[in-house]
Amino acid sequence: MFKFRNTVLILAALFSSATVLAQSTKYPGVGRDATPKEVAAWDIDVRPDFKGLPVGSGSVAKGQDVWEAKCAHCHGIFGESNEVFSPLIGGTTAEDIKNGRVANLTRTDYPGRTTIMKVATVSTLWDYINRAMPWTNPKTLTTEEVYAVTGFLLNLAGIVPDNYVLSDKNIAEVQNRMPNRNGMTTAHAMWPGKEFGGVAKPDTQNVVCMKDCAPEAKVASFLPDFARNAHGNLSEQNRLVGQQKGADTTKPESAATNSGATAPAAAPPATAPAAGKAVDAKSDNKAVIAMLGKYTCTACHGIDKKIVGPGFNEIAKKYPGKVDYLAGKIKAGGAGVWGPIPMPAQNLSDGDAKTIATWIANGAPK
């Protein structure tokens, strides 16, 4: 019995010690220090001196395949599209590659600035593609795919040849051919110290001030309910992707934000069965719309408006009742019917494809 009690006490002491060690030493009792593995998973940035760049390689040919499958629907086949984001490629010349300064950046009459015109370091391209692309499913590209896509972009800009294989071994050589490599300045003190060649003095001289603070501002006016919908319903004027959603301005703000008790529901009308069917149909439509979000269809298609591809209502008008055809197109993808930007093949089950196709064939109702 004594041996058992001693064993329990020893285990309790060890557990207590482990708990103390797991806690942060800087802020006792608050959280714990991150493990080396956790830090490694978070610390993925690649610097201009290529510190942090993983070992690997990827060919321009491989990059073209990845690009057409995962990138072209937003950026265009040649990185020139301006439909979703600003164009990536264009505006640079062989002379820019030779000199390291993009001449078109100094022109006031040039229509726009592409990414390859502005970016000074190839590490910036690699790092951003690695951490943020594809924008509907970031951090899903393999190391080889990131090298390959970066190489393909460089090839589109005439920086590397068609048969090039970009790798951690030769990326520094590519840096010496970036069109705007000499166009960036560090003489603005946005970084501390002189490690980047800039000045040591910071560009601001702020000091902590916690006295004579202004009292909390009080709102003296507000937008009246009758003016909330002056420009149409804001909730219907946002893209269907992203976190920013407009308020439903068809309802007064007081009604939308009121968290008090609601009035009891009225008795069901005499035509309850018919109403029930309408509710069921609406529920089915909402389920399909949720499925569109699950498969990121709404990243490129609005219900009643074009984003990258046509709106679902527009597709419904062109192919009424053609369930099998629409299901096949969803699965296989395609290009040329609605414009030059292709839709890649979609990875979903036959059943889900047919459910979405049936909804479109029936008019894509909300």
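Taking 7 Å steps out from each Cα toward its Cβ at ASN233 and LYS251 produces label points 1.1 nm apart. Rounded to the nearest 0.05, what FRET efficiency do ASP324 and ASP45 give with R0 = 56 Å and r taken as the Cβ-Cβ distance? Could you check? For R0 = 56 Å, the calculated efficiency reads 0.70. Here the extension length gained between THR108 and ALA34 equals 21.7 nm, from 0.36 nm per residue of separation less the Cα-Cα distance. Restriction of the chymotrypsin sites (Phe, Trp or Tyr not before Pro) in the range 69-132 to DSSP coil positions whose beta-carbon has at most 13 other beta-carbons within 10 angstrom yields PHE85.
Scaled to the globular estimate 2.2 N^0.38 Å, the Cα spread of the range 279-361, given as radius of gyration, is 1.02.
As a proxy for reagent exposure, LYS305, LYS317 were ordered by neighbouring Cβ count within 10 angstrom, fewest first; the result is LYS317, LYS305.
For the cross-link pairs LYS62/LYS322; LYS294/LYS331; LYS322/LYS366; LYS37/LYS331, which exceed 27 Å when the distance is taken from alpha carbon to alpha carbon? In this structure, LYS62/LYS322; LYS37/LYS331 exceed 27 Å between Cα atoms.
The length gained on full extension between ASN347 and VAL84, counted as 0.36 nm times the residue separation minus their Cα-Cα distance, comes to 92.4 nm. Once the Kirkwood radius over Cα pairs is known for the range 57-175, the Stokes-Einstein relation at 10 °C and 1.306 mPa s delivers a diffusion coefficient of 110 µm²/s.
Each reported figure results from applying straightforward, stated rules to the coordinates on display, with no laboratory input. Note that the structure is predicted; figures quoted are calculated from it, not measured. Using ideal geometry, Cβ is built from the backbone for each residue, glycine included, and neighbour counts are taken over all protein chains shown.
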